[in-house]
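Notes follow the structure.
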Amino acid sequence: MTPEAARLADIYSDATGIKTSGALLKNLGNLADLQALAAFDDAVLRDSALALSGRRGFGFALSGWLEAAHRRSRRGPAHQGQTSASLLAALPSTADRRLRWTIEEIGGYVDESALRMRGRHPQSLVEAAKARIVERVQTGEFVHGAFARRQPKWRRYAATAAGLIPTISADDIEQLIVPLLSLTHPEAQFSYRRAPSGQVFASWMNGFHRRDEERVYVTGLSDVLDTATTLVQDHREGMGGRIFINQGRVACAECRRPIAWIGSAQGDECVPATHRPSR
C-alpha cells in the first residue's frame, strides 16, 4: 500500500465515517486517478468525500471522488459563507452527515448567487428570499438525501380547462428563490428525476448530469420548483427531465416551449404536446 493510498483512506474514513483502506482504494481506480487525488489538500478531499457519501445510489470509484474534488476546488472559499454558517450553527452535533453536507452545499450556492445578484434586485428582497430558504431548511423533513417536496401553489384550473399554460403562484420573494438556488445563468437550469420521485436538482452546467454525485438536490426549498414537478412529469410522460427558468417563464429544455408562467401569465399559449426526453 502506497503512502498516498493510506492518506486518502484515512481522510475518507474520517470525513464520512465509512471505514475503508488504502488497499481497497487502489482497487477502485487506476494509479493516475489516485495520484491526481493525492495532489489535493486535506480540506478539499474531506469536503468532496463527504459530498459523495451524501449521494443516493453512488457507486464508489476514485474517478467519482476525483471529479468531486475538482469541482470543490474550483468553488473556492466562498462555499463557507454566511448562509452555510448560520444553518450549520443551528444543527445539533448529532445531525446526519448527509444533512450537514447538503445544508453546507446549498448555503454556498445561495451566498454565491446573492453576490452575483447584488445591484440587480433590492437587497431587502434578496435577504428575505435567503431567510425563507433558511426557514425551510430548518423546518423541512430530510429523507434520502433531499428535503420533502412542498405543496403545489398554482392558479392552473381555469387555464387548464381552456387548454392554456398554467401559472405558478409566487410573490416577489418566492421568485427570487429560484436564481438564488440556480448554478447556471441567465437561464436557470434544473432537472427532475422521473416519477414517482420527482426530486429536483440544480445543474452545474447546461446539459445532462447522469452521475448522482453531480447532483445537488433542492427539493423542498422553492414553491416554484416543487409546483413545477407535476407539470414537468405531465410534459415528459413521467420520465422527468430538464427545464429552463428565465424571466417568469418555465420552459422545457428540449422543445423550448413554455410549460408554465411564474407569478402572472405572459400570454395565451396552449399547453405544448407531451414528449419523452431524448436521452
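Put simply, of Gly263, Gly238 the only residue that is surrounded by fewer than 17 Cβ atoms within 10 Å (Cβ to Cβ), at positive phi and touching a residue at least 60 places away in the same chain (Cβ under 8 Å) is Gly263. Condition (residue is part of a helix (DSSP H, G or I) and at pLDDT below 75) applied to segment 34-46: is it met by at least one residue? No; the residues of segment 34-46 include none that is part of a helix (DSSP H, G or I) and at pLDDT below 75. The residue that is modelled with the highest pLDDT, among those in segment 190-224 that are under 10 Å from the mean Cα position of the chain (by Cα) and either closer than 16 Å to Asn246 by Cβ or in the same structural domain as Glu127 (by TED's automatic domain parsing) (or both), is Phe190. Restricting attention to segment 90-127, the residues being of a type in the set (Gly, Ala, Ser), over 22 Å from Ala15 (Cβ atoms) and crowded, with 16+ Cβ neighbours inside 10 Å number 2.
Scanning segment 241-255 for residues that are at positive phi and modelled with pLDDT of 90 or more, we see that the one that is surrounded by the fewest Cβ atoms within 10 Å (Cβ to Cβ) is Gln247. Residues of segment 66-106 that are in contact with an Asp or Glu (Cβ under 6 Å, 6 or more places away or on another chain) and modelled with pLDDT under 75: Arg72, Ala78, Gly81.
The values are calculated or read from the model by the stated rules, or taken from the named source; none is laboratory data. What you see is a predicted model, and the numbers here were worked out from it, not measured in a lab. Please note: Cβ atoms are built from the backbone with ideal geometry, for glycine as well, and neighbour counts cover all protein chains shown.
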